[in-house]
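Okay, structure first, notes after.
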Amino acid sequence: MSIDFIALISVALLSSFSHCYAMCSGLNLAFLRLNAKEKSPLLLSLTYQIFRILAYIFLGLVFSSFGNVISRFSQSLLFFALGVFMVLLGLAMFVRGNFLAFFESNFIFNFLREKLLKKFHFRGYKNAMFLGFLNGFVPCGLVYFYLALSMSAKSLFYSVLIMAIFGLCTLPALLFLNFFSRFLNEKLGKIYLYLAYGIIIIYGVYYLYLALKFSR
């Protein structure tokens, strides 16, 4: 396994027990509460999470296409833009300021959770598919990071693989969030997050190096 994929897996796993728990658990928990009488809550939650991952893969395909278009004009420009974005994103996630708050605004999803879920009573597997896929579009700095990586991937296959790795690595924490995610978030959350954000910044610096290399 290459260093790149080890880093991708590490960022997703380290962040899933804190950042992903905070960003994605709200809509998921609200849906599970509405389906509290479901005979197989774990299967229902798994269905929800699988469609969240499928949404990530779909976004990866879309952003990979954008990346291919940009790289045809200037590969160094693509790497420079992605490098600057990753460094700023990593720093913003460290300080949790207004810059990150703007990009991670959950106004629409909070409205959905508080208003529509209560009004329409989403239940069953069809709604798990719909809401899970919708959850994939929740504004999230980590999703932005993986989408940036998918833009620079060599092919659509690697873009899909990058987003699938992200989704699958966050699956355990979000699937069993009622059990051990809260414990890990309280005990080791900050340590995990700082390690993950540090890797994101290192990736950004590496992309800036690539931009300089390809510009020569």
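Data overview
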{"item": "P(r) tail fraction, segment 34-90 - alpha-carbon pairs more than 13 Å apart, %", "result": "72"}
{"item": "Segment TYR206-TYR158, length gained on full extension (0.36 nm per residue, minus Cα span)", "result": "15.4 nm"}
{"item": "Extended-chain gain in nm, criterion 0.36 nm per residue less alpha-carbon gap, LYS126 and GLU38", "result": "30.3 nm"}
{"item": "Peptide ranges 68-77, 151-160, 137-146 listed from the most packed, as the mean C-beta count within 10 angstrom indicates", "result": "137-146, 151-160, 68-77"}
{"item": "Label-to-label distance, nm, for residues given as ILE6 and VAL62 (7 Å Cα→Cβ offset)", "result": "3.4"}
{"item": "J(HN,Hα) series, segment 128-142, from Karplus relation 6.51 cos²θ - 1.76 cosθ + 1.60, nearest Hz, glycine and proline x", "result": "5, 5, 5, 6, x, 5, 4, 4, x, 9, 4, x, 8, x, 5"}
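Computed from the coordinates by the stated procedures, all read-outs in this text should not be read as laboratory data. In this text the structure is predicted, and so the values were computed from the model without any measurement. Positions of Cβ are generated from backbone atoms using ideal geometry, with glycine treated the same way; all protein chains shown enter the neighbour counts.
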